[in-house]
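Take a look at the structure set out below.
Only the coordinates and a few stated rules stand behind these numbers; no lab work does. From a predicted model like this one, the values you see are computed outputs, not experimental measurements. Don't worry about glycine lacking a Cβ; one is built from the backbone with ideal geometry, like all the others, and counts go over all protein chains shown.
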Amino acid sequence: MNEVNNNERRFKRVCVFCGSNSGNRTVFSDAALDLGHELVKRKIDLVYGGGSVGLMGLISQTVYDGGCHVLGVIPKALMSLEISGQTVGEVRTVSDMHERKSLMARESDAFIALPGGYGTMEEVLEMITWSQLGIHDKPVGLLNVDGYYNSLLALFDNGVKEGFIKPAARHIVLSAPTAKELIMKMEVPLNSTYYCCSFLPY
């Protein structure tokens, strides 16, 4: 990750978590395409789950066609489920989901979650947890397409209210309805008084 000045930071590679399905409405596919174009516009490479179907296929193809590097990371057991035809860019196969997330985290400067199912939510929640524990200090954002993540954000707020999430930790999670707005938020440096030094090389 490149630090530009005290008020802004730039990313070389962003990890995008998203579904191997496209959802029931075109607004989700449109958001994946928009995020892909925004990454290309900013010359940011993509790290993602390695699939060629659903939102994964859309964003990877968009970033690849735009001339940026695409790294897909996929467990061997999921190749038949998440790959249809050829994938684009570089694909690394790993043994399991834990290795997948670790590699994606090491290769990325920031994390964005598009709408997705249990897998997408589990992945982004783990990155939030790792940030809270000081394993990394990379920004984590939810692309809240048409309010898709409103209920999850409300759950986080309730966790603060009920004393299970520290108020400072609530600010780990950024959200915005568009890719441009979200990346702009993520470029603002995090409050260094909350985060401890990383103790793993992510």
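Is region 27-132 best put as rounded, prolate or oblate by its Cα gyration tensor, with a ≥ b ≥ c the root eigenvalues, rounded for a/c under 1.5, and otherwise prolate when a/b is larger than b/c, oblate when not?
Working: a/c = 1.41, a/b = 1.16, b/c = 1.22.
Rounded, because the longest to shortest axis ratio a/c is under 1.5.
If you restrict to DSSP beta bridges whose two residues both lie in the chain, what percentage is antiparallel, to the nearest 5? Walk me through the numbers before you get to the answer.
Numbers: 3 of 25 bridges.
Close to 10 percent.
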Do you know the relative contact order of the chain, to the nearest whole percent, from alpha carbon pairs under 8 angstrom that are 6+ apart?
22 percent
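Hey, could you grab the Kirkwood Rh for the chain? Inverse mean 1/r over distinct alpha carbon pairs, Å, one decimal. Don't skip to the answer; put the middle values down first.
Details: mean 1/r = 0.0590 Å⁻¹.
By the Kirkwood definition, the hydrodynamic radius is 16.9 Å.
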In whole percents, the bins of 10 Å from zero upward hold the Cα-Cα pairs of region 123-169 as 25, 51, 23, 0
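So, in the chain, how many Lys pairs have Cα atoms under 15 Å apart, if the pair is 8 or more places apart or on different chains?
Values: Lys12/Lys41; Lys12/Lys43; Lys12/Lys138; Lys41/Lys180; Lys43/Lys180; Lys76/Lys101; Lys101/Lys138; Lys138/Lys185.
Eligible lysine pairs with Cα atoms under 15 Å apart amount to 8.
Can you tally the net charge around Pro167? Count Lys and Arg as +1, Asp and Glu as -1, for every other residue whose Cβ sits under 11 Å from the Cβ of Pro167. Show your work: numbers first, answer last.
On the way: positive: Lys161, Lys166, Arg170; negative: Asp157.
Once positives and negatives cancel, what remains is +2.
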